[in-house]
Amino acid sequence: MIDLSQNCLQHATDLRSSVLSLEERIDQDPVAVKLDDIVDTRSQLLTLGMVVSNQLPAVRAMSTTDKPFFKQKDTQEYMNCALVNLETVLGAMARLDTKIGDLRAELQMHAQDKTNHRLAVLTVFSAIFMPLTLMAGIWGMNFENMPELKSSIGYPLALGSMAFIGTAMYRFFRKGGWFD
């Protein structure tokens with residue numbers, strides 16, 4: 001029993017190292033960490049949890065039994081040590097599960113930030129091209145009484161105004177920090 005409880009304690013220590021490694025990797029480069037890494041670590045934790053939850057009641061029962069074999073001093077010490085090891089693993093698992101949940105939330109938050117940044121850039125480009133589309137739509141209508149159509153500088157004036165508006169809006173958004 002003591003060996004089984006020590007194996008569980010060692011697995012909990014290994015999982016703790018794995019979680020700390022994941023945390024360092026997320027802090028250094030969140031893109032390098034995949035959600036599967038976190039899910040695999042949590043799966044290992046749940047497996048360990050099932051083993052401990054199956055062992056703990058049996059060890060508790062054996063440590064409190066009235067049988068003469070379990071009343072011997074050495075046996076009682078081993079059972080108490082195994083019980084303490086399993087309860088320690090149980091507490092460590094609760095903390096590790098919370099930490100894994102936090103890592104998952106942090107990874108999802110980073111992915112959401114990337115998506116928000118991409119949407120902000122798309123919004124800016126849409127805002128830049130909206131007035132240009134309006135101008136192209138108006139000048140694309142086939143009317144006889146449009147003064148720009150008969151002017152010799154109408155076409156260059158339309159292109160120039162579109163370029164000016166697009167450039168001015170791009171600079172406005174760049175200055176406002178929309179592309180950072």
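The values are calculated or read from the model by the stated rules, or taken from the named source; none is laboratory data. As the structure is a prediction and not an experimental result, all values here were calculated from the model. Please note: Cβ atoms are built from the backbone with ideal geometry, for glycine as well, and neighbour counts cover all protein chains shown. Just so you know, the surface numbers come from the protein's heavy atoms only, side chains and all, with ligands and any DNA or RNA stripped out. Shrake-Rupley method; radii C 1.70, N 1.55, O 1.52, S 1.80 Å.
Six or more apart or on different chains, Cβ under 7 Å: which pairs go from a residue in the range 72-99 that's under 13 Å from residue 55 (Cβ atoms) to one that's open to solvent by 60 Å² or more (accessible area, probe 1.4 Å) and not in a helix (DSSP H, G or I)? Could you list them? From the range 72-99, the pairs are 79/1; 82/1.
Would you confirm whether or not the range 59-71 contains a residue that is surrounded by 15 or more Cβ atoms within 10 Å (Cβ to Cβ), under 18 Å from residue 3 (Cα atoms) and modelled with pLDDT of 85 or more?
Of all residues in the range 59-71, those surrounded by 15 or more Cβ atoms within 10 Å (Cβ to Cβ) come to 59-60, 62-63, 70.
Add one more test, that the residue is under 18 Å from residue 3 (Cα atoms), and what stays is 59-60, 62-63, 70.
Imposing the further condition that a residue be modelled with pLDDT of 85 or more reduces the set to none.
Scanning the range 59-71 turns up no residue that is surrounded by 15 or more Cβ atoms within 10 Å (Cβ to Cβ), under 18 Å from residue 3 (Cα atoms) and modelled with pLDDT of 85 or more.
A search for C-beta distances below 9 Å between a residue of the range 151-164 that is in a helix (DSSP H, G or I) and any residue that is of a type in the set (Gly, Ala, Ser) and open to solvent by less than 100 Å² (accessible area, probe 1.4 Å), counting only pairs 6+ apart in sequence or on different chains, returns 157/151; 158/136; 162/136. Restricted to the range 97-125, and to residues that are of a type in the set (A, V, I, L, M) and open to solvent by less than 80 Å² (accessible area, probe 1.4 Å), which residue is nearest to residue 168 (Cα to Cα)? Here the residue is 124. Within the range 8-26, residues that are among the hydrophobic types (A, V, I, L, M, F, W, C) reach partners that are outside any helix (DSSP H, G or I) with beta carbons closer than 8 Å, at six or more positions or on different chains, in the pairs 22/33; 26/33.
Just checking, which of 94, 136 is modelled with pLDDT of 90 or more, of a type in the set (A, V, I, L, M, F, W, C), part of a helix (DSSP H, G or I) and loosely packed, with under 13 Cβ neighbours inside 10 Å?
94
If you check 110, 117 for being without any contact (Cβ under 8 Å) to a residue 24 or more places away in the chain and assigned to a helix (DSSP H, G or I), only one passes: 117. Applying the condition of being open to solvent by 70 Å² or more (accessible area, probe 1.4 Å) and without any contact (Cβ under 8 Å) to a residue 40 or more places away in the chain to the range 32-43 and asking which residue is farthest from residue 111 (Cα to Cα) yields 40. The lone criterion from (1) out of contact with any Leu (no Cβ under 7 Å at 6 or more places or on another chain); (2) surrounded by 14 or more Cβ atoms within 10 Å (Cβ to Cβ); (3) within 16 Å of residue 30 (Cα to Cα) left unmet by residue 128 is number (3).
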